[in-house]
Protein chains: 2
Amino acid sequence: MANRRRPVTLRAIADQLGLDVSTVSRVLNGAAGDRARAASGATAQRIRDLATELGYRPNPHATSLRTQRSNLIGVLVPRLSDLVLATIYEGIEEAASQHGLSTFVTNTRDEPDKQRDRTEMMLARRVDGLIFGDAHADAVLLDELAAQGVRFVLVSRWAGSHPSVTCDDYQGGRLAAEHLLDRGHERVAVIAGEPHASTGLDRTAGFVDRYREAGVPLPEHRVVRSRFDTAGGRQAAELLLDQAERPSAIFAVNDFAAIGAAGAARDHGLRLGEDLALVGFNDTPLAAELPIPLTSVRSPMREMGRRAVDLLARVLAGQRVESERLTPTLVARASTLGSTGAGDSHDDDGGGNAG
Amino acid sequence: MANRRRPVTLRAIADQLGLDVSTVSRVLNGAAGDRARAASGATAQRIRDLATELGYRPNPHATSLRTQRSNLIGVLVPRLSDLVLATIYEGIEEAASQHGLSTFVTNTRDEPDKQRDRTEMMLARRVDGLIFGDAHADAVLLDELAAQGVRFVLVSRWAGSHPSVTCDDYQGGRLAAEHLLDRGHERVAVIAGEPHASTGLDRTAGFVDRYREAGVPLPEHRVVRSRFDTAGGRQAAELLLDQAERPSAIFAVNDFAAIGAAGAARDHGLRLGEDLALVGFNDTPLAAELPIPLTSVRSPMREMGRRAVDLLARVLAGQRVESERLTPTLVARASTLGSTGAGDSHDDDGGGNAG
DNA sequence: CTGAAAGCGCTTACAG
DNA sequence: CTGAAAGCGCTTACAG
């Protein structure tokens, strides 16, 4: 509990070497180009050596104040306890640190008031830009911010024409449909997620469209809204399984909703993969490890996070950018193949817990 | 894409009102006590009105530079994609914002090199203090930091005598044992987690001690190390279920490990709650929603996060503090009660997903 | 190649 | 009750 670790300043180095602080600054923190002409080779070396010895780290508050650039970005997500967003954030953190950016991340619970409030906090903290993982389809807040010149990108969900990095959810929905069509399912249903999120909307649309194209249009009552979590999936599945003509297969737009649906199926005495086929979305690490492994459409979550940072970095550099849409793949498992089917494949995005 | 939203400064307000910037500062940002004697009532009011109108927000970099206090705290966790840590972080964020603190959070994957590296980054960012959710039992890094005068607290896991907020994991392990003893299980096993984390160690110790006290000591081969995730739990369970004398009940020190164990049980043709009892830990929202609901020891995750911030705030205020240990409760469900048993109870900590 | 000066936006004794 | 000054630790033209 002794030395409160008083940080080393440029001045300390300059004084010790009998140089001016500006010279030291140029050598240590100057732009790559400047740095060469910052001082004689010998002087530069003495500066660098001493800096290393003393453990010099520039004071970011001073730098930010002077340069009007904080190298801070704000990340807003519905909730970090959603594995999907947590994984996306891991990608964001990785890439941010490569770009020399630090991140603030905050939960908004998908509530407009909180989104607005937390955005203000971030701006008050003088972030250079924002990444929204909680964009609402109406884009009200986002349009306002853009009009004010706030720089941001979206991840996971798109809205309006704001730059975004998403999974091609529509295509993902089609993949799920394709797979179930292949397995001969004609009476199918969708647990569709929340209507303010492009993810659920697009996945549902892709699925419904593909079935329509196959000549098997889905009646409206077999597309049910739901929250994205397990409890939401369970409720939606109850509704579907209580219907007179029970579906033989369900597509849930989220793995957690799918797990909830699996619970409901069990309550109805249905065996997954035998009496009821089930497809989830995102291929979270849990999907493969469930008692009855879950067929799921894999989305590149971590990669989305990384690319969102890259995109934002380009926005901050004043470049004009284009949205990106990453390709999903379907991973077939027992929940659609029956107890015999193994059929795992692919690998890509890692995951796992530790606590 | 127009006005880059140039923030309002004290100077802008002062000039517009014909006052000195120091007067404005005292009124707007002065300590609660000072603020009263900062200016005449009338002047103060004019200042406040204009500040509101212009949307003044103090530049935190300037404030930090001047006061040598950043109001920033760093949070290190093994991984945010671990629901337990993500939930703890939600509590941290809530409390931090109440204390006027902003948080940086980063994943260390429980790797010592990363822990060290990320700690340095945080310190370079000039955080006022740190919360470690990834403390290793050996406390090597933590001892060093404490010696340097770095201020921090631990959450979820304790180490050495550093201030911490944890669940009473030992007691939690005893609860699990008690419950299985009540149900008549004598041949039991533990999926014990990783040996560097106090959580797994204490939960295991409590369980083992309680069984020993009941006159039923556990042989060593029925306590198996594991990672904290689903795949780890599955592997550990395979080992246990392949043993000649198969256990009738398993205590997994983590819900995710328990879910993995449930998968292994199924592969062995065992029905959960009938042929094999299973108890998890943390009572994550998933536990209640699984096809076969999981008995689990509930730990107050969000509350731990909140209290860790309160504790750190006291440390930063120079107060002497004591570690806190919060009480766990057991929630019994079908995985130990058989398919008949419902027996849910309690409510406390919320949760849920959204993506 | 190096130094001196100004200034980013704040806070805080110190005067008056 | 209010103002003037100094300074937190940097960066960046501008001289020389």
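Closer than 28 Å to B:Glu93 by Cβ, of a type in the set (Gly, Ala, Ser) and modelled with pLDDT of 95 or more: is that true of B:Gly350 in this structure? Against the criterion (closer than 28 Å to B:Glu93 by Cβ, of a type in the set (Gly, Ala, Ser) and modelled with pLDDT of 95 or more), B:Gly350 does not qualify.
Starting from residues that are of a type in the set (Ser, Thr, Tyr) and within 11 Å of DNA strand D (Cβ to nearest atom), keep the ones in region A:41-82 and report whichever is surrounded by the fewest Cβ atoms within 10 Å (Cβ to Cβ). Ranking the qualifying residues of region A:41-82, first place goes to A:Thr67. For region A:251-261, the condition of being farther than 18 Å from A:Thr284 by Cα, away from every other protein chain (no Cβ under 14 Å) and in contact (Cβ under 8 Å) with a residue 24 or more places away in the chain holds for none of the residues. All of A:Gly184, A:Gly280, A:Gly193 fail the test of being touching a Gly at 6+ places or on another chain (Cβ under 6 Å) and within 19 Å of A:Val297 (Cα to Cα), apart from A:Gly193. The combined condition, being of a type in the set (Val, Ile, Thr), surrounded by 18 or more Cβ atoms within 10 Å (Cβ to Cβ) and more than 19 Å from A:Arg125 (Cβ to Cβ), is not fulfilled by B:Thr103.
Okay, residues lined up against (1) touching a Lys or Arg at 6+ places or on another chain (Cβ under 6 Å); (2) free of Cβ contacts under 8 Å to residues at least 40 places away in the same chain; (3) within 12 Å of DNA strand C (Cβ to nearest atom):
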{"position": "A:Arg5", "(1), (2), (3)": "no, yes, no"}
{"position": "A:Leu19", "(1), (2), (3)": "no, yes, yes"}
{"position": "A:Leu72", "(1), (2), (3)": "no, no, no"}
{"position": "A:Leu85", "(1), (2), (3)": "no, no, no"}
{"position": "A:Gly91", "(1), (2), (3)": "yes, no, no"}
{"position": "A:Leu101", "(1), (2), (3)": "no, no, no"}
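The residues on offer are A:Pro247, A:Pro219, and the sole one that is surrounded by fewer than 24 Cβ atoms within 10 Å (Cβ to Cβ), more than 9 Å from chain B (Cβ to nearest Cβ) and either basic (Lys, Arg) or touching a strand residue (DSSP E or B) at 6+ places or on another chain (Cβ under 6 Å) (or both) is A:Pro247. Can A:Ala38 be described as within 16 Å of DNA strand C (Cβ to nearest atom) and buried (at least 19 other Cβ atoms within 10 Å of the Cβ)? So A:Ala38 passes the test.
Against the condition within 16 Å of DNA strand C (Cβ to nearest atom) and modelled with pLDDT of 90 or more, how does B:Gly55 come out, does it pass? Here the answer is yes, as B:Gly55 does meet what is asked. Reported count of residues in region B:74-83, each being small (Gly, Ala, Ser) and either within 18 Å of B:Ala135 (Cβ to Cβ) or within 16 Å of DNA strand C (Cβ to nearest atom) (or both), is 1. Of all residue pairs spaced 6 or more apart or on separate chains, those with beta-carbon atoms under 7 Å, a first member in region A:168-189 that is farther than 18 Å from A:Arg203 by Cα and a second member that is part of a helix (DSSP H, G or I) are A:Arg183/A:Thr336. Residues in region B:173-204 that are outside any loop (DSSP other than H, G, I, E, B), within 14 Å of chain A (Cβ to nearest Cβ) and not polar (S, T, N, Q) were compared, and the one that is nearest to B:Arg234 (Cα to Cα) is B:Ile191. Somewhere in region B:62-70, is a residue away from DNA strand C (no atom under 11 Å from the Cβ) and at pLDDT 95 or above? Yes, some residue in region B:62-70 is away from DNA strand C (no atom under 11 Å from the Cβ) and at pLDDT 95 or above.
The values are calculated or read from the model by the stated rules, or taken from the named source; none is laboratory data. Here the structure is a predicted model, which is why all the values come from computation and not from measurement. In this analysis, Cβ positions are derived from the backbone assuming ideal geometry, glycine residues included, and neighbour counts consider all displayed protein chains.
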